[in-house]
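Asks: Dropping the structure in here first, questions after.
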Amino acid sequence: CQSQGILCEAYNPLTLGGMFKKPPPKMDIALLDHPRIKDIAEKHSKTPAQIVLAWNLDRGVRVVPKSSNKARQTENLKAAEIFLPLDD
């Protein structure tokens, strides 16, 4: 996409992490509960949601997270300030 000047967008990129009571088919664990995501979040003192959003942003993907909760909206916006090293 990017090589052609097309912006990729992740609409509601956290859905798999919180919408389902159990992981969706073909996934053994919900996104925000994945141990690697949790480890990276703890390492950077961030939430798993912020890490997932930051990962997308670092790759040039526009994110449109959905939340009606003001605290989560503020938290989500802070993902743009996170730098993830390549080894994360």
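The values are calculated or read from the model by the stated rules, or taken from the named source; none is laboratory data. Computed from a predicted model, the values in this text were never measured in an experiment. Cβ: placed from backbone, ideal geometry, glycine included. Neighbour counts: every protein chain shown. Just the protein is used for accessible areas: all its heavy atoms, side chains included, with ligands, DNA and RNA removed. Shrake-Rupley method; radii C 1.70, N 1.55, O 1.52, S 1.80 Å.
Asks: Can you pull the accessible area of LEU14 for me, 1.4 Å probe, Å² to the nearest 10?
Replies: We get 30 Å² for LEU14.
Asks: Here is a follow-up. Would you mind computing, in nm to one decimal, how far apart the modelled labels at SER45 and ARG72 are, each placed 7 Å from Cα along Cα→Cβ?
Replies: In this crude spin-label approximation the distance works out to 2.5 nm.
Asks: On the accessible surface of segment 26-88, probed at 1.4 Å, how many percent belong to carbon and sulfur atoms? The partial results should precede the final answer.
Replies: Working: 2370 of 4410 Å².
Answer for segment 26-88 is 54 percent, counting heavy atoms of protein chains only.
Asks: For GLU81 and ARG36, compute 0.36 nm times the residue count separating them, minus their Cα-Cα distance, and round to one decimal in nm. Each step should come with its number before you reach the end.
Replies: Details: separation 45, 0.36 × 45 = 16.20 nm, distance 2.03 nm.
Between GLU81 and ARG36, full extension yields 14.2 nm more.
Asks: Here are some pairs, LYS43/LYS70; LYS43/LYS66; LYS46/LYS70; which of them have Cα atoms lying more than 20 Å apart in this structure?
Replies: Values: LYS43/LYS70 25 Å; LYS43/LYS66 25 Å; LYS46/LYS70 17 Å.
LYS43/LYS70; LYS43/LYS66, as the Cα separations exceed 20 Å there.
Asks: Give the ranking of VAL64, VAL52 by solvent-accessible surface, highest area first, calculated with a 1.4 Å probe. Can you show the working numbers first?
Replies: Values: VAL64 55, VAL52 15 Å².
In descending accessible area the options line up as VAL64, VAL52.
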